[in-house]
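Undergrad: Just dropping this structure here.
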Amino acid sequence: MDPPKKKPRAPPTKKKEAPPKKKPKRGRRIRIKNRLRQSRIRDESDEIAPQDIGWSISQEVLDDFEEPESTEPEIVSHQCSMCGSIMQIPAPKRDRYKVICAYPECGHEDTFGI
């Protein structure tokens with residue numbers, strides 16, 4: 001006896017592909033002309049005369065400018081985060097430092113630069 005015959009399958013249906021999306025059109029391009037060129041060619045282009053540029057000429061010779069040393073405060077005021085008392089402490093020389101409250105009942109230790 002012959003084995004039972006299977007039902008013939010229908011050919012697979014093709015899905016319709018969406019048309020590819022087009023890039024949106026850009027607006028009208030603005031053309032900018034750069035007018036940094038000289039309007040006429042000079043023969044003495046190698047030398048720059050101070051009168052042409054608008055500089056003033058002086059015969060006075062200036063000494064080197066010395067910057068004053070920054071005067072940072074030697075004493076920094078600090079307020080305790082626990083009791084609120086304000087203390088005058090010397091300026092710290094490091095990035096990380098501790099300040100212990102001078103109030104005898106508090107004694108809180110504030111740390112900075114962690």
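The values are calculated or read from the model by the stated rules, or taken from the named source; none is laboratory data. Keep in mind it's a predicted model, so treat the numbers as computed, not measured.
Undergrad: Might you let me know whether region 74-89 holds any residue that is modelled with pLDDT under 80 and among the charged types (D, E, K, R)? Walk me through it before giving the result.
TA: Residues of region 74-89 modelled with pLDDT under 80: none.
Scanning region 74-89 turns up no residue that is modelled with pLDDT under 80 and among the charged types (D, E, K, R).
Undergrad: While we're looking at this one, here's another question. Got at least one residue in region 6-20 being at pLDDT 75 or above and either of a type in the set (A, V, I, L, M, F, W, C) or under 39 Å from the mean Cα position of the chain (by Cα) (or both)?
TA: yes
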